[in-house]
Every structure is written in structure tokens, then in C-alpha cells.
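Structure first, commentary second.
All of the numbers you see were taken from the coordinates with simple rules; none came from a lab. None of these values were measured; they are calculated from a predicted model. Ideal geometry is used to build each Cβ from the backbone, glycine not excepted, and the neighbour counts take in all protein chains shown.
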Amino acid sequence: MEKAKRLFLRLLGYRYVANLRSKEIHRLDTDYKQCNIPLIRAKKYLRKKDLGMWERAGYNGCRFCLPFMDTDIKRDVHVCFT
């Protein structure tokens with residue numbers, strides 16, 4: 001049922017789903033177990049053109065399906081003392 005719903009949403013032009021509680025954006029066309037899209041209760045479906053607006057509103061990408069938008073990644077800073 002969930003796959004059929006995702007396909008229908010993609011046909012309507014929706015590409016992403018935003019979790020309104022965690023402020024994470026997920027891609028609808030992926031099946032990563034870690035994303036748990038079917039378990040998201042408070043959600044909003046997004047079109048590609050709306051992605052930048054949601055990013056500016058403080059939402060970030062999922063580290064599994066949208067790693068290029070993930071702002072929660074802890075960056076390792078390597079300092080070299082010579």
C-alpha cells in the first residue's frame with residue numbers, strides 16, 4: 001500500500017516528504033529502512049521547487065537519502081601541529 005501511495009504522489013509531482021517534528025526531509029523514491037517514512041505521522045509532501053524554501057526554514061536532509069542537504073553531520077576537523 002505504501003509503495004502505491006508513493007508512486008501516486010510522485011505522479012502528482014511530489015518528490016519529498018518533510019517530517020514536521022524532526023525537521024528532516026526525505027526522498028519519496030528511496031526505500032532506506034533508516035528513513036522510516038511510513039512511521040512519520042506529522043508530514044508534509046513537497047515538490048522539488050519547494051525544497052529550497054523548506055531548507056531556508058530550517059529543515060535539513062536525511063543523512064541516508066539526502067546526504068548533500070544534511071546539516072546534522074558532525075564534520076571532523078583535523079588540525080596538524082608541526
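Quick notes
- Placing a label point 7 Å from the Cα of Asp72 along the Cα-to-Cβ line, the residues of the stretch 1-31 whose backbone N sits under 12 Å from it are 19-26.
- Only DSSP H runs of four or more residues enter the estimate; each adds -39500 (n - 2.57), and after division by the residues of the chain the mean residue ellipticity at 222 nm equals -5000 deg cm²/dmol.
- Exposed loop sites were defined as trypsin sites (Lys or Arg not before Pro) in DSSP loop states (anything but H, G, I, E or B) carrying at most 11 other C-beta atoms within 10 Å; in the chain the longest segment without such a site runs 42-73.
- Between helix 2-11 and the chain: long-axis angle, C-alpha atoms, 0 to 90°, nearest 10: 90
- Computed over the chain, the range of Cα coordinates on each principal axis works out to 59, 27, 21 Å, biggest value leading.
- For a straight C-alpha distance cut-off of 12 angstrom, the aspartates and glutamates reachable from Lys3 (same-chain residues fewer than eight places away being disregarded) are Asp29, Asp31.
- Available extension along the chain between Leu39 and Arg21 is 5.3 nm, counting 0.36 nm per residue and deducting the alpha carbon span.
- Applying 1/(1 + (r/R0)^6) with r as the Cβ-Cβ distance of Ala4 and Arg56 and R0 = 30 angstrom yields a FRET efficiency of 0.40.
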